[in-house]
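See below for the structure under consideration.
The values are calculated or read from the model by the stated rules, or taken from the named source; none is laboratory data. If you're wondering where the values come from, they're calculated on a predicted model, not measured in any experiment. Note: ideal-geometry Cβ built from the backbone for every residue, glycine included; neighbour counts use all protein chains shown. Protein only, heavy atoms only, side chains kept; ligands, DNA and RNA dropped before computing areas. Shrake-Rupley method; radii C 1.70, N 1.55, O 1.52, S 1.80 Å.
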Amino acid sequence: MSEPSRFDRGHTDDLMTFLTASPSPYHAVANAAERLEKAGFRQVSETDAWEGTSGGKYVLRGGAIVAWYVPEGATPHTPFRIVGAHTDSPNLRVKPRPDTGAHGWRQVAVEIYGGPLLNSWLDRDLGLAGRLTLRDGSTRLVDVGRPLLRVPQLAIHLDRSVTADGLKLDKQRHLQPVWGLGNDMRDGDLIAFLEEEAGLAAGQVTGWDLMTHSVEPPAYLGRDQELLAGPRMDNLLSVHAGTAALTAVATGGEKLPYIPVLAAFDHEENGSQSDTGADGPLLGSVLERSVFARGGSYEDRARAFAGTVCLSSDTGHAVHPNYGERHDPTHHPRVNGGPILKVNVNNRYATDGTGRAIFAAACEKADVPFQSFVSNNSMPCGTTIGPITAARHGIRTVDIGVAILSMHSARELCGDADPYLLANALAAFLEG
């Protein structure tokens, strides 16, 4: 497979649609589930008994989804091939008492989620999205996708030190967005507004998980439009690619030697320690129940896990044209150069030599180029769900991804071909 033509962008066009429709982890898993349903997958409840029949299945839990396809002839000890990703992105999230304000301005009280580039949220038109929980325990997704909020930056005339000392933001005082005018603010104003937006009766909402998002749509950028700018590519780019790869493999008619799996977790940006995070029990529970539903024993479970491989797919750092010295001098991943293989000998990434060989084989099968990434020795290295997955489940894990700029900004930048190349490599990996 050669690099796609600039006029053949179906996958990347679809990624733009997915990003726009997924302003929160809850929307992302709902959209992934909808695509899986169209491919013949069916949702199973964690509270029901599971059957060992072949076909596509998925579990939803909050902002996480685990989907798998059991091919005909799979045994209880058939290993899994897993694409791992995460659904959350750094942003500003609404506090339990959201209504606040000062000096005639209505504001929304927010808390910082993850490690966002704070300046990227200033003077940007923001919407509000997430999950509402109702009195009867049910949930409703909500997305105010129009300009609703704004975090106004202080004019330079009132802080001349910005020129000399740079911008310094206090997370508590300087990042509360405005959304209107008035001094008659009362507790419940924001939630009442969202009840109306969601078509709910007043007083129905008793809980919420809400977050801001940029309402500027994704767009191709540059003279030749070979770049893609958009929100939440860390890491919905991988969720989208993994969903596309799994559905392609499940509907491709090929005899599969493995059980292909997509595991997209929440809360990676703040440590993965939750019931929907990679450090929680969700993945292990699903894999074990799949083995047992096919009549397997604990011995079968051990055999299946021993032969299982996970590709932890997350965005990584492309070489920055203005900060080249921050990168390792011999490793300069470039956009549209194909997916990156992430290596760190201190296990911030889970890749080892055997994992590299597995990924290289998948890329060769898909005719996809790949690049290697390591951090500059003088810079701290980030991490992913990869080491967590490997340590928690004893599963061989390989860290990969797509090289981007502006990671953790409200709006990130990648190459237009790389999402397509990643999806093809993932599909080849899942096929085995």
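Looking only at segment 143-163, filter to residues that are free of Cβ contacts under 8 Å to residues at least 12 places away in the same chain and not in a loop (DSSP other than H, G, I, E, B); which one of those is nearest to the chain's Cα centre (by Cα)? Selected residue: 162. Can we say residue 293 is of a type in the set (Gly, Ala, Ser), in contact with a Cys (Cβ under 9 Å, 6 or more places away or on another chain), surrounded by 16 or more Cβ atoms within 10 Å (Cβ to Cβ) and on the phi < 0 side of the Ramachandran plot? So residue 293 does not fit the description; no. When 380, 387 are checked against the criterion of being without any contact (Cβ under 8 Å) to a residue 12 or more places away in the chain and out of contact with any Pro (no Cβ under 6 Å at 6 or more places or on another chain), 380 stands alone in meeting it.
Within segment 298-335, the set of residues being in contact (Cβ under 8 Å) with a residue 40 or more places away in the chain, among the small types (Gly, Ala, Ser) and not in a loop (DSSP other than H, G, I, E, B) comprises 304, 306, 312, 313, 316. Scanning segment 199-214 for residues that are surrounded by 14 or more Cβ atoms within 10 Å (Cβ to Cβ) and closer than 18 Å to residue 25 by Cβ returns 208, 209, 210, 211, 212, 213, 214. For segment 338-353, the candidate set comprises residues that are surrounded by fewer than 24 Cβ atoms within 10 Å (Cβ to Cβ) and out of contact with any Phe, Trp or Tyr (no Cβ under 8 Å at 6 or more places or on another chain); within that set, the residue that is farthest from residue 412 (Cα to Cα) is 353.
This table checks each residue for (1) closer than 28 Å to residue 329 by Cβ; (2) of a type in the set (Ser, Thr, Tyr); (3) surrounded by 20 or more Cβ atoms within 10 Å (Cβ to Cβ).
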site: 360; (1), (2), (3): yes, no, no
site: 376; (1), (2), (3): yes, no, no
site: 386; (1), (2), (3): yes, no, yes
site: 395; (1), (2), (3): no, no, yes
site: 400; (1), (2), (3): yes, no, yes
site: 403; (1), (2), (3): yes, no, yes
site: 418; (1), (2), (3): yes, no, yes
site: 427; (1), (2), (3): no, no, yes
site: 431; (1), (2), (3): no, no, yes
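Apart from one condition, residue 281 fits all of (1) surrounded by fewer than 23 Cβ atoms within 10 Å (Cβ to Cβ); (2) farther than 23 Å from residue 395 by Cα; the exception is (2). You will find that of 304, 318, the residue that is of a type in the set (Gly, Ala, Ser) and closer than 16 Å to residue 76 by Cβ is 304 and no other.
May I ask you to list the residues in segment 95-124 that are under 16 Å from residue 182 (Cβ atoms) and of a type in the set (Phe, Trp, Tyr)? Within segment 95-124, 105 is the sole residue that qualifies. Considering segment 167-253, there are no qualifying strands (runs of 3 or more DSSP E) wholly inside with 2 or more residues that are without any contact (Cβ under 8 Å) to a residue 40 or more places away in the chain and of a type in the set (Gly, Ala, Ser). Within segment 116-142, residues that are touching a residue at least 24 places away in the same chain (Cβ under 8 Å) and at positive phi reach partners that are of a type in the set (Gly, Ala, Ser) and open to solvent by less than 20 Å² (accessible area, probe 1.4 Å) with beta carbons closer than 8 Å, at six or more positions or on different chains, in the pairs 130/24. Residues that are open to solvent by 30 Å² or more (accessible area, probe 1.4 Å) and more than 22 Å from the chain's Cα centre (by Cα) within segment 364-374 comprise 364, 365, 367, 369, listed in sequence order.
How many of the residues making up segment 310-337 are of a type in the set (Val, Ile, Thr) and open to solvent by less than 10 Å² (accessible area, probe 1.4 Å)? Counting residues in segment 310-337 that are of a type in the set (Val, Ile, Thr) and open to solvent by less than 10 Å² (accessible area, probe 1.4 Å) gives 1.
Selection of segment 44-65 for residues being of a type in the set (D, E, K, R), touching a residue at least 60 places away in the same chain (Cβ under 8 Å) and either touching a Pro at 6+ places or on another chain (Cβ under 8 Å) or exposed (fewer than 15 other Cβ atoms within 10 Å of the Cβ) (or both) yields 46, 51. In segment 3-12, the count of residues that are buried (at least 18 other Cβ atoms within 10 Å of the Cβ) and in contact with a Lys or Arg (Cβ under 9 Å, 6 or more places away or on another chain) is zero. Screening residue 136 against (1) assigned to a loop (DSSP other than H, G, I, E, B); (2) under 25 Å from residue 18 (Cβ atoms) leaves a single unmet condition, (2). Scanning segment 230-248 turns up no residue that is under 23 Å from residue 301 (Cα atoms) and either at pLDDT below 95 or open to solvent by 50 Å² or more (accessible area, probe 1.4 Å) (or both). Between 374, 309, the distinction of being under 20 Å from residue 241 (Cα atoms), of a type in the set (A, V, I, L, M) and out of contact with any Leu (no Cβ under 7 Å at 6 or more places or on another chain) belongs to 309 only.
Can you tell me which residue in segment 162-198 is farthest from residue 93 (Cα to Cα), limited to those that are open to solvent by 20 Å² or more (accessible area, probe 1.4 Å), among the charged types (D, E, K, R) and at pLDDT 85 or above? Here the answer is 165.
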